[in-house]
1. Filtering the stretch 135-168 down to residues that are farther than 25 Å from residue 106 by Cα and among the polar types (S, T, N, Q), which residue is surrounded by the most Cβ atoms within 10 Å (Cβ to Cβ)?
2. Only one residue in 479, 461 is at pLDDT 90 or above, within 12 Å of the ligand (Cβ to nearest atom) and either of a type in the set (Asp, Glu) or on the phi < 0 side of the Ramachandran plot (or both). Which one?
3. Mind checking which strands (runs of 3 or more DSSP E) fall wholly inside the stretch 25-115 and carry at least 2 residues that are under 16 Å from residue 300 (Cα atoms)?
4. Quick check: is even one residue across the stretch 303-323 out of contact with any strand residue (DSSP E or B) (no Cβ under 6 Å at 6 or more places or on another chain), closer than 24 Å to residue 198 by Cα, assigned to a loop (DSSP other than H, G, I, E, B) and among the small types (Gly, Ala, Ser)?
5. Within the stretch 43-57, is even one residue in contact with an Asp or Glu (Cβ under 6 Å, 6 or more places away or on another chain), surrounded by fewer than 19 Cβ atoms within 10 Å (Cβ to Cβ) and free of Cβ contacts under 8 Å to residues at least 40 places away in the same chain?
6. Among the numbered conditions (1) surrounded by fewer than 22 Cβ atoms within 10 Å (Cβ to Cβ); (2) within 26 Å of residue 231 (Cα to Cα); (3) of a type outside the set (Phe, Trp, Tyr); (4) within 14 Å of the ligand (Cβ to nearest atom), tell me where residue 431 comes up short.
Amino acid sequence: MHRGRRGVAVYKTTIRVEPERRARLDFGGAGLWCAVFVDGIRRAEHFDTYAGFSVDLPPAARAARDIAVVLDTRFNPALNPLQEPYYDFYQHGGIIRPVHLHVLPSYSILNVLVRIKDYRAGKIAAEIHFEGEAPEIVPLAACIDGQPVFAGSVTVKDGTAMLPLLTPEPTLWTCESPALHVLELSSGKDDFITRYGLREIAVDGERILLNGTPIKIKGVALHAIHPESGSAITPLQMFNDLNLIKDLGCNFIRAVHYPHDSRLFDLCDELGLLAWEESLGWNNRERHYADPRFRAAQLAALRAMIVKDFNHPSVIIWSFLNEGFNPPRAENGPPFFREMFDLAKSLDPSRLVTLPNTCFEDTWDKMPPFDLVCYNIYPAWYYYDLPDGVEKEISEWREKSRQIAGQPIPFLISEIGADAIYGWRDSHEARWTEQYQAKVLDEACRIVLSRDDIAGMAIWLFADYRGCEELDSGHGHILRRARGYNNKGLVDEYRRPKLAFDIVKRHFTGRRGP
Ligand code: ADA
């Protein structure tokens with residue numbers, strides 16, 4: 001749904017499932033609210049467009065099964081406490097991602113989390129989650145890269161089994177050489193195939209280390225919004241975007257402001273792009289953190305995102321609630337961020353966790369121990385001016401965050417940029433021209449790349465996108481959105497490059513000339 005209309009729609013189809021077999025439908029994403037009926041009976045309800053969910057189909061005598069999905073794409077806090085019309089991106093409704101049908105035996109492998117135990121030696125532990133009536137002892141065979149590495153059985157406790165394995169020919173995953181390994185598990189009744197990569201992400205003082213080596217983050221933020229397909233981004237569109245991003249010389253994407261389609265991270269895994277993924281949120285308020293439904297939905301969404309994309313080596317950072325701590329500050333925020341942080345770390349201690357904008361003067365002690373501080377800053381756009389405003393604001397935030405944290409911690413600029421209307425060039429080079437944007441980013445890249453005390457940057461952003469639809473968002477936001485778009489893209493919404501594209505490319509690739 002991307003033509004500016006919101007309402008109710010019903011999708012109907014008939015699928016075939018062998019009689020008396022269990023089955024499951026996995027939805028990659030649908031919203032803003034939906035109910036799924038199987039043979040006329042309501043089997044599931046869901047909100048949060050960007051989180052996947054499953055619907056069980058109980059065994060039936062007949063093969064033809066009627067599926068109906070009722071969708072409501074209107075904003076309604078009673079049905080969907082997570083999505084608000086003031087968020088600065090158009091929230092398309094509908095079924096935005098693929099739906100998969102699984103026809104199941106009496107028990108099956110629901111998911112496998114590959115935990116990297118020793119990335120250099122290739123030691124892993126497969127955490128296998130079963131569903132259905134799994135016995136206590138399950139026969140299992142495992143292959144890695146086509147070579148048998150285990151044949152025997154595993155003990156299932158609370159639906160889970162752990163299987164330590166050794167990668168026969170371990171090869172590191174790096175940005176330059178993104179080697180992937182393939183794990184195949186077979187329980188006789190069912191099989192499961194997943195890829196993983198051997199790499200380590202860590203911090204050391206003010207630096208971020210990939211496989212023990214400091215890395216400068218050179219990236220862009222990326223929304224899943226396209227004028228032709230709304231939020232239903234096709235793999236070809238993803239591939240084209242990521243190729244342009246690689247061409248820019250990036251080693252990183254910040255996927256904003258909700259969980260993205262896992263196929264994006266499949267491509268990042270293959271292209272050697274590092275990624276940040278975050279759960280849905282945008283400038284959330286005290287009223288959100290005070291609402292138990294909001295909190296429960298956030299925790300569920302974070303859990304689902306981490307489980308969904310756990311095996312992607314490209315993903316190095318988990319995050320949540322973009323700018324959820326901007327002034328006016330929320331008292332209920334920090335305790336809730338602690339809950340979110342603890343959940344992320346308990347599910348996955350191997351990745352970095354942060355919150356944009358991490359913290360302000362008086363609140364560091366109340367915050368969870370984030371692995372890096374990051375700020376969304378807009379020098380020479382919302383604050384200060386050229387020629388020296390970019391340097392001034394970056395330096396101020398760098399210094400402020402050092403004082404706030406009181407300890408060495410990596411500092412990442414999680415957003416920086418300026419609006420430019422595609423094709424708008426004039427000799428005054430004023431705000432909104434392509435020249436002005438290019439100048440701001442020229443300066444920003446120069447500073448970030450020359451300073452060792454800045455871990456890197458994610459430019460806001462790769463492509464222009466349709467913004468929020470609320471006419472008065474309560475903070476004058478719409479006045480900053482010419483065309484109703486956020487125009488800070490290096491390319492416009494049709495992926496046509498602006499002047500800044502080549503400027504950034506020169507900095508990120510180190511190449512002079514066009
Ligand atoms: C914020 C926000 C972005 C975008 C940006 C802007 O930092 O995180 O989603 O709205 O501002 O363009 O002003």
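1. For the stretch 135-168, the residue satisfying everything is 167.
2. 461
3. Qualifying strands (runs of 3 or more DSSP E): 41-47, 53-57.
4. no
5. yes
6. Every listed condition holds for residue 431 apart from (2).
So that you can scan it fast, the table gives a plain yes or no per residue for (1) within 30 Å of the chain's Cα centre (by Cα); (2) within 25 Å of residue 308 (Cβ to Cβ):
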| site | (1), (2) |
| --- | --- |
| 23 | yes, yes |
| 27 | yes, yes |
| 43 | yes, yes |
| 47 | yes, yes |
| 55 | yes, yes |
| 59 | no, no |
| 64 | no, no |
| 68 | yes, no |
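Okay, residues lined up against (1) part of a loop (DSSP other than H, G, I, E, B); (2) of a type in the set (A, V, I, L, M); (3) under 19 Å from residue 379 (Cα atoms); (4) within 16 Å of the ligand (Cβ to nearest atom):
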| residue | (1), (2), (3), (4) |
| --- | --- |
| 400 | no, no, yes, no |
| 417 | yes, no, yes, yes |
| 423 | yes, no, no, no |
| 436 | no, no, yes, yes |
| 443 | no, no, yes, no |
| 446 | no, no, yes, no |
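The values are calculated or read from the model by the stated rules, or taken from the named source; none is laboratory data. Bear in mind that the values here come from a model prediction, so they are computed numbers and not experimental data. In this analysis, Cβ positions are derived from the backbone assuming ideal geometry, glycine residues included, and neighbour counts consider all displayed protein chains.
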